[in-house]
Amino acid sequence: MEPAATPGAAHTVVTAAGRVRAPQVVLATSASQYTFPEFRRTVLPMWSYVLIGEPLGEEQLGRVHWPGREGLVEAKTFLHCGRFTADNRLMWAGGRAYYYPRNPFDRAHQENPAIYRELTESFARFFPAWRDVRFEFAYGGVIDITRDMMPHFGTLRPGLHYGYGYCGNGIAATHTGGRILRDLVLGETTDYSTLALVDAPRPTFPPEPISFAGYQVLSRVYEWKDRRG
């Protein structure tokens with residue numbers, strides 16, 4: 001998709017299936033924001049991975065006291081998180097985020113047994129009573145990481161707005177972001193359109209290969225810090 005300015009202050013969105021013209025366009029494509037030149041240095045597409053376990057039986061459920069079935073998240077840089085599904089499966093995700101600068105959106109990155117093995121081992125550390133639980137599904141996806149770990153919203157030029165940078169924590173942020181983008185499109189000055197997240201400075205990442213080298217170094221530093229608690 002490529003937004004292009006057209007006469008009359010309108011914009012044209014070009015896709016493989018056709019063109020759409022509109023006076024207002026919102027660029028809110030999560031990690032794919034990286035593919036637009038205006039955002040190439042302000043967001044990195046990183047991969048996060050998830051495991052889904054087999055349905056737990058009553059005996060297995062009884063091994064861990066979890067009556068409220070609340071979701072959990074670990075307070076570390078490379079966090080782990082988990083929750084129940086409606087059919088008593090366990091979702092387990094997190095660990096280190098992975099960056100593949102040469103082909104960041106290649107679906108082949110889903111096939112990484114080493115990463116899934118690390119996730120399985122981390123689950124066993126959290127829940128030793130469930131070491132016999134088998135994981136039936138495993139998958140990964142791309143998330144958008146910004147340098148300041150904050151989402152960003154704003155207007156690039158008249159009629160062209162943006163919202164991105166949820167850094168893997170998008171449920172609450174997208175709810176607020178939707179209200180921000182609504183008011184920007186309507187041209188209204190509201191409590192949402194004037195938040196500090198709107199048109200704030202967007203810190204940039206260094207060019208490649210410096211970004212990838214920095215990612216490798218910082219990942220090891222953060223892993224060391226997390227191990228020390």
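Computed values, structure above
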quantity	calculated
Hits in the range 83-120 - residues which are assigned to a helix (DSSP H, G or I), more than 18 Å from Ala31 (Cβ to Cβ) and of a type in the set (A, V, I, L, M)	Ala114, Leu119
Odd one out for Arg96, checked against (1) basic (Lys, Arg); (2) buried (at least 18 other Cβ atoms within 10 Å of the Cβ); (3) without any contact (Cβ under 8 Å) to a residue 40 or more places away in the chain	(3)
Residue list for the range 117-139, restricted to those being under 18 Å from the mean Cα position of the chain (by Cα) and open to solvent by less than 100 Å² (accessible area, probe 1.4 Å)	Leu119, Ala138
From the options Gly154, Gly170, residue that is within 22 Å of Leu186 (Cβ to Cβ) and either in contact with a Gly (Cβ under 6 Å, 6 or more places away or on another chain) or surrounded by 14 or more Cβ atoms within 10 Å (Cβ to Cβ) (or both)	Gly154
Output for the range 54-69, where each listed residue is within 29 Å of Asp226 (Cα to Cα) and either surrounded by 10 or more Cβ atoms within 10 Å (Cβ to Cβ) or touching a residue at least 60 places away in the same chain (Cβ under 8 Å) (or both)	Arg63, Val64, Trp66, Arg69
Leading residue by the ranking (surrounded by the fewest Cβ atoms within 10 Å (Cβ to Cβ)) among those in the range 10-29 that are in a strand (DSSP E or B) and without any contact (Cβ under 8 Å) to a residue 12 or more places away in the chain	Gly18
Test: residue in the range 72-89 that is free of Cβ contacts under 8 Å to residues at least 12 places away in the same chain, surrounded by 14 or more Cβ atoms within 10 Å (Cβ to Cβ), over 16 Å from the mean Cα position of the chain (by Cα) and more than 23 Å from Tyr222 (Cα to Cα)	no
Those residues of the range 54-72 which are of a type in the set (Gly, Ala, Ser) and closer than 30 Å to Tyr215 by Cβ, in sequence order	Gly71
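The values are calculated or read from the model by the stated rules, or taken from the named source; none is laboratory data. The shown structure was predicted, so the numbers you read here are calculated from the model rather than taken from an experiment. Using ideal geometry, Cβ is built from the backbone for each residue, glycine included, and neighbour counts are taken over all protein chains shown. SASA here: full protein model, heavy atoms, side chains in, ligands and nucleic acids out. Shrake-Rupley method; radii C 1.70, N 1.55, O 1.52, S 1.80 Å.
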